[in-house]
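This report refers to the structure that appears directly beneath it.
The values are calculated or read from the model by the stated rules, or taken from the named source; none is laboratory data. Given the structure is predicted, the values throughout are model-derived calculations rather than measurements. Using ideal geometry, Cβ is built from the backbone for each residue, glycine included, and neighbour counts are taken over all protein chains shown. Accessible surface is based on the protein model in full, side chains and every heavy atom, while ligands, DNA and RNA are left aside. Shrake-Rupley method; radii C 1.70, N 1.55, O 1.52, S 1.80 Å.
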Amino acid sequence: MLQRIYGVAFEAEEELERHLEKLAEAERRDHRRLGKELDLFSFHDEAGPGLVHWHPKGALVRRIIEDFWIQEHIKRGYEIIYTPHIAKLELWKTSGHWELYREHLYSPMDVEGQEYLVKPMNCPAHILIYKTRLRSYRELPLRWAELGTVYRYERSGVLHGLTRVRGFTQDDAHIFCRPDQLEDEVVAVMELALFMMGSFGFEEYEVLLSTRPERYAGTIEIWDEATETLKRALHRLRLPYRIDPGEGVFYGPKIDIRLRDALGRAWQGPTVQVDFNLPQRFEVNYIAADGAEHQVVMIHRTVLGSMERFFGCLIEHYGGAFPVWLAPVQAMIIPIADRHLDYALQVEAELKAAGLRAQVDARPERMNLKIRQAQLQKVPYMLILGDKEVGAATVSVRLRGGQDLGAQTLEGFKAMATEAMEARRP
Ligand SMILES: [Zn+2]
């Protein structure tokens, strides 16, 4: 009996220790702290709270993510569009945002006697493009994607780093399709979402299907049918999911993916929403095979959420040590003495020509200090160059974790770094 009590007590203590360790690790990985230390982004009182300023290194990571995102969308039949940041208040009245979403909207601004709003969402703009001409059932589905920057009011008290902000860029897309295409489209969106999550190193997630809330647009029949369609899509993908009863948005059911990061914490991830409301409000139709106009089914979806929140999540997931393909500086070249500088510049030029992001630390500091600083900057590779390396035309490679890989030919290093980059490995 005593033994058992001791056993339990020990376990609890261990658990407490693990818990404290986890808290300390979360503190070390806090994206607000790493954002400063790694020179990625900042906020400014002069500009206003909740407004992110992306520094060159943060912007570079974002650009790599965006380029990857665009390429993967084009591969899957999406087309990229751009829409304005402001639109007349009338448009937001038609969409229902003015009536239903007012607390998140900024006050209208006057432009030549007309009231305009800074956009909280991209959807109405995509609809305007859709409606520039009659669409036939044959050209559906249309998949239009935009990295669209939106502004939503949040109380200053709830703002938090990159995860709760007032201006953010959604990796948005709208799919206009026929009812008979909905299931395939949802399957394709989910496949894309899971592919993207895997590419960024998220292996654990939870899938939630949110059903009809108390207040809803459309009819119960339409809701039931769409909810069944989402279920069929999830079954086809063999994805286990949990039902979140009544948690759908008022305009349609949705599927959410909740990610788990390296510390096991949950983050809001991809979302797919079916919308019965906007197509009706804007009369978004197509000419069907029977020659009559039918209402399209509209899907709203993001796979990353927003660039800001996703970047915050990535920073914490990796603890700032981005995998090689995302690292703003992939190789820091460290000449031991001034006489090695020429060779260092030559190595830098060759790595850049091979598409690698390399930089020479030419400061007259001690080698150990330069290595330490490159490690703190979480640079994946450090290339140390001294007499031996210059003589043999090699580079001595160290990893940010402290591992020493020794001397390698420049070709050998290029091949290794390129391989890690292409495989999107750490
Ligand atoms: Zn939308």
Candidates 20, 399, 162; GNM for the chain (alpha-carbon contacts under 10 Å) flags as most fluctuating 20
Relative contact order (percent) for region 331-422, with alpha-carbon contacts under 8 angstrom and 6 or more residues of separation? 29 percent
Could you go through region 63-73 in sequence order and give the Karplus-derived ³J(HN,Hα) for each residue, using 6.51 cos²θ - 1.76 cosθ + 1.60 with θ = phi - 60°, rounded to whole Hz, and x for Gly and Pro? 4, 5, 4, 5, 4, 4, 4, 5, 4, 5, 6
Measuring from centroid to centroid over Cα atoms, what is the spacing of region 340-357 and region 273-300 in Å? 55 Å
Computed accessible area, residue 388, all protein chains, 1.4 angstrom probe, square angstrom: 150 Å²
Take every Cα-Cα distance within region 331-422, group them into 10 Å bins from 0 onward, and report for each bin the whole-number percent of pairs it holds. 18, 57, 24, 1
Between residue 115 and residues 5 or more places away or on another chain, the pairs with built amide H atoms under 5 Å apart involve 89
How would you classify region 24-141 from its alpha-carbon gyration tensor, with a ≥ b ≥ c the square roots of the eigenvalues: rounded for a/c under 1.5, else prolate if a/b is greater than b/c, otherwise oblate? oblate
Quick one: accessible surface of residue 121, probe radius 1.4 Å, all protein chains present, in square angstrom to the nearest 10. 40 Å²
In whole angstrom, how far apart do the alpha carbon centroids of region 311-328 and region 358-424 sit? 19 Å
Which one of 181, 237, 362 has its Cα pushed farthest toward the positive end of the charge dipole of the chain, where Lys and Arg give +1 and Asp and Glu give -1 at the Cβ? 362
For the chain, restrict the atom set to alpha-carbon positions and state the Rg and Dmax in Å. 25.7, 83
I'd like the orientation of helix 182-199 relative to the chain: the angle between its Cα long axis and the longest Cα principal axis, in ° from 0 to 90, rounded to 10. 10 degrees
State whether region 97-148 is rounded, prolate or oblate according to the following rule on the C-alpha gyration tensor (a ≥ b ≥ c being the square roots of its eigenvalues): a/c under 1.5 gives rounded; otherwise a/b larger than b/c gives prolate, and the remaining case gives oblate. prolate
So how far, in whole Å, is the C-alpha centre of region 133-191 from the one of region 227-259? 16 Å
Residue-ordered couplings for region 415-420, obtained by feeding phi - 60° into the Karplus form 6.51 cos²θ - 1.76 cosθ + 1.60 and rounding to whole Hz (Gly and Pro as x), are 5, 5, 5, 5, 5, 4
Roughly speaking, to the nearest percent, how much of the chain's 1.4 Å accessible area is carbon and sulfur? 51 percent
A student applying the Cα gyration tensor rule (rounded when a/c is under 1.5; otherwise prolate if a/b is larger than b/c, oblate if not) would label region 102-201 oblate
Rounded to whole Hz, the Karplus (6.51, -1.76, 1.60) HN-Hα couplings of region 75-80, x for glycine and proline: 4, 9, x, 8, 10, 8
For the chain: relative contact order, % (alpha-carbon pairs under 8 angstrom, 6 or more apart): 14 percent
Leaving ligands and nucleic acids out of the surface, order 67, 171 by accessible area at 1.4 Å, largest first. 67, 171
Antiparallel as a % of all DSSP beta bridges within region 189-261, to the nearest 5? 75 percent
Accessible surface, region 193-329, averaged per residue in Å² (probe 1.4 Å): 40 Å²
